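Below: the structure, in structure tokens.
Just so you know, all these numbers are worked out from the coordinates, no wet-lab data involved. Everything numeric in this text was worked out from a predicted model, so none of it was measured. Reconstructed Cβ throughout: ideal geometry from the backbone, glycine too, with neighbour counts over all protein chains shown.
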Amino acid sequence: MLEALGTTAEKVASALRAKGIQGVANTVRDLNPIVRYVRGELHETQAVHLIGDVLTIQFADGRQQQVAIPPAVRDFLHAFNSGEYADLHLPTQG
């Protein structure tokens, strides 16, 4: 599923844009744009978090799966967390 986002950080950003997914930089749970993407694709999840390069999915039936994120997703997150892809950042409350 994560490979479907693309083979470069730019393609990952474009795929998230196309799905209307935004997020908050430096987050590991529901505000992370990759976690939001996964939760939108897998509706039977109980919890999803992304720590380092490992995505952990807790399914509603109790199963848990850990997967390494692909390099393009890692590169996207590094750029996103550094402030790039401003249009994919959720507006701040203020």
Exercise for review: Figure the gain on full extension for residue 56 and residue 89 (residue separation times 0.36 nm, minus the Cα-Cα span) and round it to one decimal in nm.
Suggested key: 9.6 nm
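Given the Cα-Cα distance of residue 14 and residue 49 and 0.36 nm per residue of separation, how much length would full extension add, in nm? Intermediate values should be presented prior to the final figure.
Working: separation 35, 0.36 × 35 = 12.60 nm, distance 2.18 nm.
Length difference between fully extended and current span is 10.4 nm.
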Study note, to complete from the structure: Quick calc, the chain, dipole around Cα centre from Cβ unit charges on Lys, Arg (+) and Asp, Glu (-), nearest 20 debye, gives 100
**Study point:** Contact order normalised by residue count of the chain, Cα under 8 Å, 6+ apart, percent
**Key:** 32
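What value, in deg cm²/dmol to 500, does the helix sum -39500 (n - 2.57) over DSSP H runs of n ≥ 4 give at 222 nm once divided by the residues of the chain?
Here the helix-only value at 222 nm equals -9500 deg cm²/dmol.
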Practice item. Taking the convex hull of the Cα atoms, report for the chain its projected area averaged over all directions, in nm². Key: 5.8
